Amino acid sequence: MFSSSDRAAVLMRCGNCSQALGGLPDDTVFPCTECLTAWCLGDGELVPRAMEVFAMEEDGLAALPFWILDAELEIVRRITRMAECASPVQLPRHFEEAGERGLRETADPPRRATIFVPAFLTDRPLSLGRKVTSLELAPSGRTVRGLRAPGGCITADDGLLLAKGVAIFSETGGRTHLALLELDLRPVHLRLALVGCRAEEQGFRVAGQTLLIPYTTIADAEEIMAFSGLSREGR
Ligand SMILES: [Zn+2]
C-alpha cells in the first residue's frame, strides 16, 4: 500500500495491483475489485484480507460489503424448559436452575459455521447477519473488475464481535423454551464478501433472492447507491 498526498486528498492504491482505491468518507475497509483484496484499516495501517464475491451474476448491482467468518461453533450447554413449564410472561424471566423442574440439558459438538455480518452501518446487524447467513450463498465466479464497491465502516474486530452476536441470535431465535445458552465461537478465517444487490424502490434486494434490506435500516444507503453509480429502480 502506498499513498501520495497533498493538503486536499490522499490517493490510496492497492498494494497488490496498484489499482486506485475509493470509498465512502467513514470507510475503514477498501475493496480492490481488480485483485479481490480488501484493505482493512487497523492500528494505523492497512492490512490485506481475502475477498469473495457473491450473488453478482447480473449487471447493474450494488456490491454490499459483509464480513464472512469461518469458525468452529460449539454449543457448550443449552438448557430448555419443557413446554408445559413455559411462562405466560413475554419477557425473559430470571433463570434459577436449582429452583426449576423439568429442565433438559443438551450440548452440540463443535461444527464448522460460516457467518455473514454487515460491514456497512445498519441498525439491524444481527438479524440481517442471520438472514444473509441463512441464504447459504455460493461464491460467484463472475469477474467484478472495475466495479466500484464500498467497503464499509465496521472494522474486522467489530465484525468478529458481531459474528458472535449473530451466532447467538441464530441459536436463540424461535426457541421459546430456552432458559440458558453457552456458546463458544472460535474464529478460523475472516474475509470480506461483496454481495450483489439490486437497488429497488424500498431497499437493496439480494440478487436472485427474496431478501430485501430496507434503505431505512442502512445509514449510508443513498451514499452507497451514488458511489456505486446506481439510482433506485423506478426513479
Ligand atoms: Zn488490487
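Can you spot a residue in segment 23-34 that is at pLDDT below 90 and out of contact with any Phe, Trp or Tyr (no Cβ under 9 Å at 6 or more places or on another chain)? Looking through segment 23-34, at least one residue is at pLDDT below 90 and out of contact with any Phe, Trp or Tyr (no Cβ under 9 Å at 6 or more places or on another chain). Scan segment 67-78 and give yes if some residue there is modelled with pLDDT of 95 or more and part of a helix (DSSP H, G or I), otherwise no. Among the residues of segment 67-78, not one is modelled with pLDDT of 95 or more and part of a helix (DSSP H, G or I), which makes the answer no.
Looking across segment 124-170 at every residue that is of a type in the set (Ser, Thr, Tyr) and within 13 Å of the chain's Cα centre (by Cα), the one that is surrounded by the fewest Cβ atoms within 10 Å (Cβ to Cβ) is identified as SER134.
Under the condition of being outside any helix (DSSP H, G or I) and among the hydrophobic types (A, V, I, L, M, F, W, C), which residue from segment 127-148 is nearest to LEU21 (Cα to Cα)? Result: LEU147.
Taken together, the criteria exclude GLY151 from residues that are in a loop (DSSP other than H, G, I, E, B) and within 30 Å of GLU96 (Cα to Cα).
The values are calculated or read from the model by the stated rules, or taken from the named source; none is laboratory data. Only a predicted model underlies this, so the values are computations on that prediction, with no experimental measurement involved. Every residue, glycine as well, gets a Cβ built from its backbone with ideal geometry; the counts of neighbours run over all protein chains shown.
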